[in-house]
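To keep things clear, I will list the structure first and then write my remarks on it.
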Amino acid sequence: MTSAHLFTTAAHLFTTAAHWFTTAAHWFTTAAHLFTIAVHWFTIAAHWFTIAAHWFTIAANWFTTAANWFTTAANWFTTAANWFTTAAHLFTTAIADYGGVEGDTNYIAVMKGDVVRLIKKDKEWFTVEKDGHIGKVPKGILVQK
């Protein structure tokens, strides 16, 4: 074998190796491109999920606002109910006649069935208002409804 033949064979072997390395470089480049494409798709998906998350956050805020409105309305109705309940408890009905104390305006006469507005409760007396007049009535004469 001549030295020219040896150099030609070596040149062919190096050329073949260079082709293999070039082919491998192409495969790695192709893989890198595929990974880059995958990263782009995942980035796009992440953007869509971020947009969806923003929309869900906005919707959640709307529902929270609506819930707050309904809570406020419920509080208004509760307050109104309390006012009506309080107003109802402010009135009492006479279950018997009471003539008051003659000559003493601190006491007021009531007839059975009269509805009077309760002003104050004491141990034995209720202070009430009837027809614009204020006076005391014994506790046993009135019943709260």
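Observations, loosely collected:
- Restricting attention to the range 94-108 and to residues that are free of Cβ contacts under 8 Å to residues at least 12 places away in the same chain and part of a loop (DSSP other than H, G, I, E, B), the residue that is surrounded by the most Cβ atoms within 10 Å (Cβ to Cβ) turns out to be GLY99.
- Boolean, ASN106 is in the same structural domain as ILE119 (by the TED database) and within 30 Å of THR127 (Cβ to Cβ): yes
- Check on PHE84, under 30 Å from PRO138 (Cβ atoms) and not small (Gly, Ala, Ser): yes
- Residues of the range 109-128 that turn out to be exposed (fewer than 15 other Cβ atoms within 10 Å of the Cβ) and in a strand (DSSP E or B), as a count: 5
The values are calculated or read from the model by the stated rules, or taken from the named source; none is laboratory data. Quick caveat: nothing in here was measured; it's all calculated off a predicted structure. Every residue, glycine as well, gets a Cβ built from its backbone with ideal geometry; the counts of neighbours run over all protein chains shown.
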